[in-house]
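The values are calculated or read from the model by the stated rules, or taken from the named source; none is laboratory data. For clarity, every value in this text was computed on a predicted model and none was experimentally measured. We place every Cβ from the backbone using ideal geometry, glycine too, and count neighbours over all the protein chains shown. Quick note on the areas: whole protein, heavy atoms, side chains included, nothing else; ligands and nucleic acids left out. Shrake-Rupley method; radii C 1.70, N 1.55, O 1.52, S 1.80 Å.
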Amino acid sequence: MTAAAPDVAMAKPLLAALAGERRRASPVWLMRQAGRYLPEYRAIRASAASFLDFCYTPTLAMEATLQPIRRFGFDAAILFSDILVIPDALGQRVSFEEGEGPRLKPIETAADLAGLAEAPDWSRLAPVFETAERVRAALTSDVALIGFCGAPWTVASYMIAGRGTPDQAPARLFAYRQPELFARLIDILVEASAAYLERQLRAGAEAVQIFDSWAGVLPPAEFERWSLAPIARIVAKLRAALPDAPIIAFPRGAATELGKFAAIDGLSGIGLDTAVEPRAAAAALPARLALQGNLDPLALLAGGRALDDGIDRTLAGFAGRAHIFNLGHGILPETPIAHVERLVARLRKTG
Ligand code: 1CP
């Protein structure tokens, strides 16, 4: 964010890719790279009373952030937290039931919405920024720190349903039936998310990713209104505050609408899901964007030929573009550690 930024980008392969540089070896990190597939994560997770306590305890969150870096030598660490800390900080308390995922008191009425704070309680999120600061100080000079948030549509879908669902039908229905109210919720999330990312960047994050994990359940008109436009507003706000901050968007399932997404002004990279064909994406998406992805998490879980072929096809497809190797969605908890080791070894050998 200073005159030194290009040198930093040179030293850190992830930042170089986000600045548009092509290198022989694609830098690599994996979505959800910290977590239950790691025995050392399960061990420290057991020491916190709840998942949110875990996220809000800097010593533990820092350790969870660094575990996959120590084990695999990834090119980027992603701050250990969750997208649902934003509803939590807006006053819609979040809990995580063992083995069942998140639980929130669903937002159903105008009164429920009015019960939310206008802005996050930043004191509740202070441990997240402290974690970012500490992790950044602990990383070696070649590893970048990524901060993140959920996209307004994805976060709103959990706030409305109060839990994970297969297709976010509760939020889609809410948006059809009460569009003004839904727009109000999205507005709150746009403001909160932009400010949250800015604070992560000022605390030590060097790039940010906006996870729109549920973009793909929306028909095109709703997609533009609830997924695309709010993310474009966040990017514009962040660009105004921090002109050089690298921003990645991950619109999972965007499919035919991916091109519109890639056209968002100010994006540095775009995360591609498993359904995207690398060669077609490399040919179609604007050259100014780094492309991130998109090995099938199930190929990583399966290992063997499926893994090796998947890696090789991914690399071949994105050849010629600034590329960040990643999965098409988060790593699965059953993934064998040896397969992740094999992935990193193959990427570094190919490079
Ligand atoms: O007890 C536990 O260990 C809970 C499992 C867990 C973990 C490890 C949850 C609950 N969140 C996380 C961490 C997390 N979540 C990270 C950390 C950094 C990393 O290593 O990548 C990140 C980036 C997230 C982001 C997140 N949370 C997303 C977007 C990415 C994606 O996978 O689509 C979503 C949708 C969530 C919500 C959430 N949090 C946790 C769960 C189980 C879920 C999914 C709920 C559902 O839809 O059923």
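Among the residues of the stretch 69-99, those that are in contact (Cβ under 8 Å) with a residue 60 or more places away in the chain and either over 21 Å from Val190 (Cα atoms) or assigned to a helix (DSSP H, G or I) (or both) comprise Ile69, Arg71, Phe72, Gly73, Phe74, Asp75, Ala76, Ala77, Ile78, Ile86, Pro87, Ala89.
For the stretch 94-132, the tally of residues that are away from the ligand (no atom under 15 Å from the Cβ), farther than 14 Å from Ser81 by Cα and not hydrophobic (A, V, I, L, M, F, W, C) stands at 9. Just to be sure before I move on: is Ala322 without any contact (Cβ under 8 Å) to a residue 12 or more places away in the chain and in contact with a helix residue (DSSP H, G or I) (Cβ under 6 Å, 6 or more places away or on another chain) in the structure I sent? No; evaluated as a whole, the condition is false for this residue. The one condition from (1) within 22 Å of the chain's Cα centre (by Cα); (2) outside any strand (DSSP E or B); (3) closer than 17 Å to Leu14 by Cα that Gly320 does not meet is (1).
Only one of the numbered conditions (1) surrounded by fewer than 18 Cβ atoms within 10 Å (Cβ to Cβ); (2) within 23 Å of Cys55 (Cβ to Cβ) is not met by Trp153, and that is (1). Look at the stretch 16-59 and say how many of its residues are crowded, with 19+ Cβ neighbours inside 10 Å, within 15 Å of the ligand (Cβ to nearest atom) and of a type in the set (S, T, N, Q). Qualifying residue count, the stretch 16-59: 2. Of the listed requirements (1) open to solvent by 20 Å² or more (accessible area, probe 1.4 Å); (2) closer than 23 Å to Ala232 by Cα, Leu189 misses just one: (1). Scanning the stretch 249-262 for residues that are among the aromatic types (Phe, Trp, Tyr) and either under 20 Å from Val28 (Cα atoms) or open to solvent by 10 Å² or more (accessible area, probe 1.4 Å) (or both) gives a single hit, Phe250. Of the helices (runs of 4 or more DSSP H) lying entirely inside the stretch 118-205, the ones with 2 or more residues being closer than 27 Å to Ala11 by Cβ are found at 122-138, 179-203. Scanning the stretch 194-218 for residues that are over 21 Å from Leu84 (Cβ atoms) and open to solvent by 50 Å² or more (accessible area, probe 1.4 Å) yields one hit, Arg202.
When you go through Gln200, Gln168 one by one, which is the residue that is within 14 Å of the ligand (Cβ to nearest atom) and either in contact with a strand residue (DSSP E or B) (Cβ under 6 Å, 6 or more places away or on another chain) or modelled with pLDDT under 95 (or both)? Quick ask: steps written out before the conclusion?
Details: Gln168 fails: either in contact with a strand residue (DSSP E or B) (Cβ under 6 Å, 6 or more places away or on another chain) or modelled with pLDDT under 95 (or both).
So the residue among Gln200, Gln168 that is within 14 Å of the ligand (Cβ to nearest atom) and either in contact with a strand residue (DSSP E or B) (Cβ under 6 Å, 6 or more places away or on another chain) or modelled with pLDDT under 95 (or both) is Gln200.
Of the residues making up the stretch 68-90, those that are open to solvent by 10 Å² or more (accessible area, probe 1.4 Å) and farther than 27 Å from Ser123 by Cβ are Ile69, Arg70, Arg71, Phe72, Gly73, Asp75. Apart from one condition, Asp309 fits all of (1) loosely packed, with under 15 Cβ neighbours inside 10 Å; (2) within 13 Å of Gly293 (Cα to Cα); the exception is (2).
Of the residues making up the stretch 179-209, those that are touching a helix residue (DSSP H, G or I) at 6+ places or on another chain (Cβ under 8 Å) and among the polar types (S, T, N, Q) number 2.
Count of the stretch 263-305 residues, restricted to those that are open to solvent by 20 Å² or more (accessible area, probe 1.4 Å), touching a Leu at 6+ places or on another chain (Cβ under 7 Å) and closer than 16 Å to Ala19 by Cα, is 0.
Condition test on Asp112, is it of a type outside the set (S, T, N, Q), closer than 18 Å to Cys55 by Cβ and free of Cβ contacts under 8 Å to residues at least 40 places away in the same chain?
Details: of a type outside the set (S, T, N, Q): yes; closer than 18 Å to Cys55 by Cβ: no; free of Cβ contacts under 8 Å to residues at least 40 places away in the same chain: yes.
Spelling it out, it is not the case that Asp112 is of a type outside the set (S, T, N, Q), closer than 18 Å to Cys55 by Cβ and free of Cβ contacts under 8 Å to residues at least 40 places away in the same chain.
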